[in-house]
Amino acid sequence: MPLIRDITEADHAVVEELLDSTDLGVPGSYDPEGMNVIVAEVHGSVVGIAEFDLHCDFGHGEGREAHPGEQAFVLTLAVADSNRRSGVGRALLTEIAHRAQKAGHTFLALVPQEGDDDDAASRQAFFQACRLKLYGPDTPGAAWGCPISKILTASAADTEEH
């Protein structure tokens, strides 16, 4: 099971490499200032990252379905290729759900990055395993989300199985 922790300045270079390797990098050096960022560490190496916002409107301005209560939004979720399908992504998403719940939020949402069809199918399977559901038509930029309680229940059930 990965160790999930807040990012430190010492992590910036490896996070930048991880984001670049997953086509989520941005030009320039990595600067998470103003963002909530956690990393997943396995055997002393950072193998995953999640950037999130604990206060969002889940795209109400874009006409997305409204949800009651406070909402959290995942901006970025990336896992090193060698650590995919090992529980790292679920552990990151579960930690965000715990933090969001502690902050009084009831719903978590995200909009996945576009990628090739194989990546899209893999992401969709991951989202569904975490109990997220598609909101609106299945088009680029479509949002996924669910009540935080469903993410935590799915995570607890997965932990009991292993």
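The values are calculated or read from the model by the stated rules, or taken from the named source; none is laboratory data. Note that this is a predicted model, so its numbers are computed, not measured. As a convention, Cβ positions derive from the backbone with ideal geometry for all residues, glycine included, and neighbour counts pool all protein chains shown. Each accessible area value is taken on the protein alone, full model and side chains, heavy atoms only, with ligands, DNA and RNA left out. Shrake-Rupley method; radii C 1.70, N 1.55, O 1.52, S 1.80 Å.
Structure notes:
- Residue that is modelled with pLDDT of 95 or more, charged (D, E, K, R) and open to solvent by 60 Å² or more (accessible area, probe 1.4 Å), where the choices are Asp57, Asp6: Asp6
- From the list Glu16, Glu33, Glu41, the lone residue that is of a type in the set (Asp, Glu), modelled with pLDDT of 90 or more, farther than 21 Å from Ser155 by Cβ and surrounded by fewer than 19 Cβ atoms within 10 Å (Cβ to Cβ) is Glu16.
- Scan of the range 18-41 for residues that are under 20 Å from Asp81 (Cβ atoms) and either in contact with an Asp or Glu (Cβ under 7 Å, 6 or more places away or on another chain) or outside any loop (DSSP other than H, G, I, E, B) (or both), ordered by number: Leu18, Leu19, Asp20, Ser21, Gly25, Tyr30, Ile38, Val39, Ala40, Glu41
- Of the residues making up the range 83-111, just one is without any contact (Cβ under 8 Å) to a residue 12 or more places away in the chain and in a helix (DSSP H, G or I), namely Lys102.
- Residue among Leu92, Leu77 that alone is at pLDDT 90 or above and under 19 Å from Leu134 (Cβ atoms): Leu77
- Residue match in the range 44-52 (condition: modelled with pLDDT under 85, open to solvent by less than 50 Å² (accessible area, probe 1.4 Å) and in contact with a helix residue (DSSP H, G or I) (Cβ under 7 Å, 6 or more places away or on another chain)): no
- Residues that are in a loop (DSSP other than H, G, I, E, B) and at pLDDT 80 or above were ranked within the range 112-136; the one that is most open to solvent (accessible area, probe 1.4 Å) is Arg131.
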